[in-house]
């Protein structure tokens, strides 16, 4: 039955509204990019890209804007969080999708996802009260360290990894499992050799999104990382990340100091863009294979 002019107009009008809502998110993202780059690029021109990115000294009041130690610290914390969170999150997802019963699954999955709703300051508070003293008493050092920050961030990224990995594992067709069982494989052999490789693109996506959560985290890292302006040489050393540097100093920064913090934001933004590109390329390559 052909649509009337009124119905056709209504359809196009609704479509236009939905398209405008979809494009509005891109517009706001574009504004954020423009604002950060406009505020941050002048200092790169004044001080020099090399002096900022590869400089080891951060003393804005003395004209030193080196953020290399914070770049390295941000990567250390991020990969430390992945080392802690990735195996645990994937193991939880495997249990939920392959071993748990229906009632247990209905209870555990929402409970795990509730972890994402806990404010980061609460994680930081728990880290200061429990993780830092344990690290200090058992391993030495001040306790406020790379290890403490990695443990807390590893816990914080669990909901992301578990949820996306679970959906990826559940998306593997049952015929894959049945075919493996028919060939005489055990349940674990089926999971390890059939299910996980088939869901690898989704699992990889969960790790990447968890990494994005970790590298962008601020409050918990400020509370437990120690905020030392140096490259950590041990997992027990304190450190300061790019996000922590911005949050700690933006409130009182003026002049070139403020521009330096925006330059830090530019570097952080570029790093995240590169990581997202690598993640998308890896996922697409995995899907093609």
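None of the figures in this text is laboratory data; all of them are computed from the coordinates on show. Nothing here was measured: the structure is a model prediction, and the numbers come from that model. Neighbour counts are summed over all protein chains in view; Cβ atoms, including those assigned to glycine, are modelled from backbone coordinates with ideal geometry.
Some values worked out for this structure:
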read-out	value
Computed FRET value (nearest 0.05) for residue 200 with residue 235, which takes r as the C-beta separation and R₀ as 22 Å	0.15
Distance (nanometres) between label positions extended 7 Å along Cα→Cβ at residue 105 and residue 278	3.4
Packing-based order for 46-52, 179-185, using average beta carbon neighbours within 10 Å, highest first	46-52, 179-185
Calculated diffusion of the chain, Stokes-Einstein form, Kirkwood radius summed over Cα pairs, 37 °C and 0.692 mPa s, µm²/s	151
Computed [θ] at 222 nm, deg cm²/dmol, the chain (DSSP H ≥ 4; -39,500 (n - 2.57); rounded to nearest 500)	-23000 deg cm²/dmol
Rounded FRET efficiency, nearest 0.05, which uses the C-beta distance separating residue 25 from residue 137 and R0 of 45 Å	0.40
Per-residue Cβ neighbour rank within 10 angstrom, fewest leading, 252, 95, 123	252, 95, 123
Shape of the stretch 108-175, Cα gyration tensor, a/c cut at 1.5	prolate
Span from the the stretch 42-112 Cα centroid across to the the stretch 256-272 one, whole angstrom	17
Approximate spin-label separation residue 178-residue 228, in nm, with each point projected 7 Å along Cα-to-Cβ	5.9
